[in-house]
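I have placed the structure first, in the form of structure tokens, so that the comments after it can refer back to it.
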Amino acid sequence: MRTDTAPIQMVDLKTQYERLRSDIDRRILGVLESTAFINGPDVTELEQDLEAVLDAHVITVANGTDALQVALMALGVGPGDEVITPSFTFVATAEAASLLGAVPVFADIDPETFTIDAASLESLITSRTRAIVPVHLFGQSADMDAIMNIANRYAIPVVEDTAQAIGSTWKGKAAGTRGAFGTLSFFPSKNLGCYGDGGAVITRSDELAERARLIANHGSRKKYHSEVVGINSRLDTIQAAILQAKLPHLGDFTARRRDAADRYDAHFADIPGITTPHRSPHSRHVFHQYTLRIRRHRDLMHDALTAAGIPSAIYYPVPLHEMPVYASNPEAHVRVPLPETERAAQEVLSLPMHTELTEGQQARVAECILSA
Ligand SMILES: Cc1ncc(COP(=O)(O)O)c(C=O)c1O
């Protein structure tokens, strides 16, 4: 029997596994017995079930980084092109463009939502801009109306990095389904996570879906008949089976995260210097992360939690434009000041957030922060 004095984890995959174990084990065993390890029936079934949930085509791939690469390849992004992304994100968002020889150009973020500042996009668009990649960071959609408005005006396709936001919505529609493509990650700690790497490309376009599927499979529809240069990016059947066991619980996972966020909000309401996550009226926040903004002494709070044995994390301590990979060529990547990105990197602190978090554990987290 677990008590609230049990160690608090940033993400508790073990307790969740124990709750869902019989179904997960049964499905994994089914794959082992069938030996259909690659492109087994669970992969197709998962794609169909996700299509019903998201109301879009779903092409599963090996991970969320590949999903971004496949989407950009399907849009023809290549050497010399520019791709606008936020700098306040995980490196994969920009890396996918760089891998294709394109240049990531960094936009600042909106200080309330931590997502791309749509108002800054226009000043970054050039004749070389071939894609805009907003990130639905921490589980809430970027302002897709403003982004699509500008993107449509300049006829630039949008790839929504939805790695952290499955289950989120923008004006009632699934996050990731407004742009040309959305991309998902099934990394274990994600809101819908498998037990290894996994990802998916989503799109409402029949033509783009076909193209993405082709690219993810060596550029071939028919074995030994490659039509274009592609990659080998497949979700393996065991991971698909695990996701099939978990998918029916996605609504419950989201509700648990949102409930936990409400409880944290109550602890930190009206505490000077601490800002709780903003909730956009147009997007359902699925709290992949519960991220506070702490105006002063963020690192002191981080250290106090660590000393008390409570995990917390800084997502992200180093904006992409300050990482050696991009800082070595600032003229290419930084065309406007990025003050909100730099401020966020100094002020954010993400607290333990997962589907198994208890009220008692959250009270301990809050008590530690408030006494610090
Ligand atoms: C915003 C964002 N984009 C892309 C990725 C890449 O996903 P993956 O780790 O599955 O390659 C991640 C995962 O960490 C992410 O958080």
Most fluctuating residue of A52, A212, A74 in a GNM of the chain with Cα springs under 10 Å: which is it? A52
Mind checking which aspartates and glutamates have their Cα closer than 14 Å to the Cα of K14? Skip sequence neighbours fewer than 8 apart in that chain. D25, E356
Provide the packing ranking of 98-106, 364-372, i.e. peptides ordered by the mean count of other C-beta atoms within 10 Å per residue, highest first. 98-106, 364-372
For region 249-371, dividing by residue count, accessible area per residue (probe 1.4 Å) in Å² works out to 45
Report the full-extension gain for the segment R221 to R295: residue separation times 0.36 nm, less the Cα-Cα distance, to one decimal in nm. 21.3 nm
Roughly how many debye, to the nearest 20, is the charge dipole of the chain about its Cα centre, given +1 on each Lys and Arg Cβ, -1 on each Asp and Glu Cβ, and no other charges? 300
Among I166, I132, I294, residue whose mean-square fluctuation peaks in a GNM of the chain (springs only between Cα atoms under 10 Å): I294
Rounded, prolate or oblate: pick one for region 162-300, where a ≥ b ≥ c are the square roots of the eigenvalues of its C-alpha gyration tensor, a/c under 1.5 means rounded, and failing that, prolate if a/b is larger than b/c, else oblate. prolate
Would you work out what percent of the accessible area of the chain, with all protein chains in place, is carbon or sulfur (probe 1.4 Å)? 53
For the chain, rounded, prolate or oblate, judged on the Cα gyration tensor with a ≥ b ≥ c (square roots of eigenvalues), a/c < 1.5 rounded, else prolate if a/b > b/c? oblate
Is it possible to state the helix-based mean residue ellipticity at 222 nm for the chain, with each DSSP H run of 4+ residues giving -39500 (n - 2.57), the sum divided by total residues, to the nearest 500 deg cm²/dmol? What is it? -12000 deg cm²/dmol
When the chain is modelled as a GNM with alpha-carbon springs shorter than 10 Å, which of T276, T89, T162 fluctuates the most? T276
Compute the Cα gyration tensor for region 249-371, then decide on rounded, prolate or oblate, letting a ≥ b ≥ c be the square roots of its eigenvalues: rounded whenever a/c is under 1.5, prolate when a/b is larger than b/c in the other cases, and oblate in all that remain. prolate
So, by mean Cβ neighbours within 10 angstrom, what's the order for 253-265, 192-204, 37-49 with the highest one leading? 192-204, 253-265, 37-49
Nearby aspartates and glutamates by direct alpha-carbon distance to K222 (threshold 15 angstrom, same-chain neighbours under 8 apart not counted): E210
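Highest first, please rank the peptides 225-235, 282-292 by the mean number of other Cβ atoms sitting within 10 Å of their residues.
On the way: 225-235: 15.5, 282-292: 23.3.
So the peptides 225-235, 282-292, ranked by packing, come out 282-292, 225-235.
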Expressed per residue, the solvent accessible area of region 13-248 in Å² (1.4 Å probe) is about 39
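The values are calculated or read from the model by the stated rules, or taken from the named source; none is laboratory data. Only a predicted model underlies this, so the values are computations on that prediction, with no experimental measurement involved. Positions of Cβ are generated from backbone atoms using ideal geometry, with glycine treated the same way; all protein chains shown enter the neighbour counts. For the accessible areas, the whole protein counts, side chains as well, though only heavy atoms, and no ligand, DNA or RNA atoms are used. Shrake-Rupley method; radii C 1.70, N 1.55, O 1.52, S 1.80 Å.
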